[in-house]
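The values are calculated or read from the model by the stated rules, or taken from the named source; none is laboratory data. This structure is a prediction, so every number in the text was calculated from the model and none was measured. Because the Cβ atoms are built from the backbone with ideal geometry, glycine has one as well, and the counts that use them run over all protein chains shown. We work out accessible area using only protein heavy atoms, side chains counted, and drop any ligands, DNA or RNA first. Shrake-Rupley method; radii C 1.70, N 1.55, O 1.52, S 1.80 Å.
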Amino acid sequence: MNFPSWMSDIQQRTEAALEAALPPSELAPARLHEAMRYAVLGGGKRVRPLLCHAAGSIFGADSPLLDAPAVAVELIHAYSLVHDDLPCMDNDVLRRGKPTCHVEFDEATALLVGDALQTQAFQTLSNRFAGISAARQLDMLHLLATASGSRGMAGGQAIDLAAVGQQLTISELEYMHIHKTGALIRAAVLLGAHCGEATPDALERLGRFANRIGLLFQVVDDILDTEASTATLGKTAGKDAAQNKPTYVNILGASEAKSMAGKLRRDAHEALAPFGTSALRLHELTDFIVERTF
Ligand code: GRG
């Protein structure tokens with residue numbers, strides 16, 4: 001199967017699994033459930049579920065086994081976007097080409113949507129699923145919780161908010177993004193690997209790969225923020241400069257940021273080398289992260 005067909009296949013099965021995991025919009029409290037579905041369904045590239053499936057495939061994990069962790073990580077991501085868009089954070093009105101959750105509904109509902117999506121992620125990942133031992137499942141829950149909390153994504157967001165208007169060095173910027181964006185991307189890869197028989201050595205190597213693509217994702221995001229249009233991105237372009245946020249582009253300049261993306265891309269491919277052709281999908285996703293236009 002070629003990469004576009006594989007990607008579309010995983011995106012479709014993830015959409016179906018997300019749809020099944022979320023409460024129906026008729027169920028009380030209907031407005032909250034409707035808003036949760038609005039924030040999650042029918043949008044987004046599903047990069048984290050794709051990474052989860054691609055990593056699992058290296059170790060022989062079947063797609064049905066990978067659906068639950070793929071859904072869990074995407075629900076955490078969706079919650080982070082809803083909260084990030086709130087007036088008390090980035091204050092944005094456009095996400096995935098439509099009004100942000102608090103604009104379409106209201107602020108209090110959007111806050112609850114984020115809370116409920118986060119707990120839904122852990123509910124989904126803690127459902128009993130055949131093919132994984134309880135001990136392995138506990139490791140996976142621990143991994144996702146650590147990646148999402150104050151030592152991971154939420155901590156990275158706190159550093160991000162504190163950095164507005166500040167001059168950061170490249171290593172400070174890297175520290176922020178390893179947490180804010182990288183931690184969940186790393187969790188997506190490692191959760192996939194946990195669904196198969198990955199050795200500690202393989203997990204360590206995949207962790208290194210994931211750290212590279214986490215930063216790569218962010219460097220590309222910073223470049224797109226300056227070079228792509230709001231219509232293409234489906235979110236407000238040029239926000240980083242408007243909000244006086246430190247980015248790879250404003251610290252390094254566009255040309256050096258692109259060189260850095262090239263180096264991270266090479267390092268990511270290199271980290272996968274020992275997996276041979278079994279890591280084909282991860283190689284392809286690395287290229288997709290660089291070549292994406294939104
Ligand atoms: C509120 C706890 C909390 C955390 C928010 C991830 C995040 C932390 C904020 C999002 C802000 C942002 C633009 C981060 C840059 C990288 C990023 C995560 C972009 C959006 O992810 P994509 O491109 O989005 O995977 P889609 O819509 O395709 O899922």
**Message:** Show me the ranking of peptides 126-137, 283-294, 185-196 by mean Cβ neighbours inside 10 Å, starting with the highest.
**Reply:** 185-196, 283-294, 126-137
**Prompt:** Quick one: ranking 140, 7 by accessible area, 1.4 Å probe, largest first, what do you get?
**Reply:** 7, 140
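Output the peptides 208-219, 247-258 sorted from most to least packed, where packing is the average of other Cβ atoms within 10 Å over each peptide's residues.
Averaged packing, sorted descending, gives the order 208-219, 247-258.
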**Asked** Accessible surface of residue 175 in the full protein assembly, 1.4 angstrom probe, to the nearest 10 Å²?
**Response** 130 Å²
**Asked** What ratio of Cα Rg to 2.2 N^0.38 Å holds for segment 105-200?
**Response** 1.29
**Message:** Connecting C-alpha atoms closer than 10 Å in a GNM of the chain, tell me which of 203, 22, 138 has the biggest fluctuation.
**Reply:** 138
**Item:** Heavy-atom accessible area per residue - the chain, 1.4 Å, Å²
**Value:** 43 Å²
**Unit charges on C-beta of K, R, D, E only; dipole of segment 1-83, Debye** = 240 debye
**Prompt:** Given H placed on each backbone N at 1.01 Å, which residues far from residue 94 in sequence or on other chains put an amide H within less than 5 Å of it?
**Reply:** 100, 236
**Request:** Evaluate E = 1/(1 + (r/R0)^6) for residue 62 and residue 291, where r is the Cβ-Cβ distance and R0 equals 22 Å; express this FRET efficiency to the nearest 0.05.
**Result:** 0.15
**Asked** Two-decimal Rg/Rh of the chain from alpha-carbon positions, Kirkwood Rh?
**Response** 0.95
**Message:** Using alpha carbons only, how many angstrom separate the centre of segment 211-239 from the centre of segment 245-294?
**Reply:** 13 Å
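Within the chain, which DSSP H helices have Cα atoms that stretch 30 Å or more along the helix axis and a mean Kyte-Doolittle hydropathy of at least -0.5? List each step's numbers first, then the result.
Numbers: long enough: 63-84 (31 Å, 0.75); 200-227 (40 Å, 0.04).
Helices meeting the criterion: 63-84, 200-227.
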**Prompt:** Mind checking which aspartates and glutamates have their C-alpha under 18 Å from residue 258, skipping anything on the same chain fewer than 8 residues away?
**Reply:** 174, 221, 222, 225, 227, 240, 267, 287, 291
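What part of the accessible area of the chain, given as a whole %, is carbon or sulfur when the probe is 1.4 angstrom? Numbers along the way, then the final one.
Working: 6970 of 12630 Å².
Of the solvent-accessible surface of the chain, carbon and sulfur hold 55 percent.
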**Message:** Below 8 Å, C-alpha to C-alpha, sequence gap of six or more: please give me the relative contact order for the chain in percent.
**Reply:** 21 percent
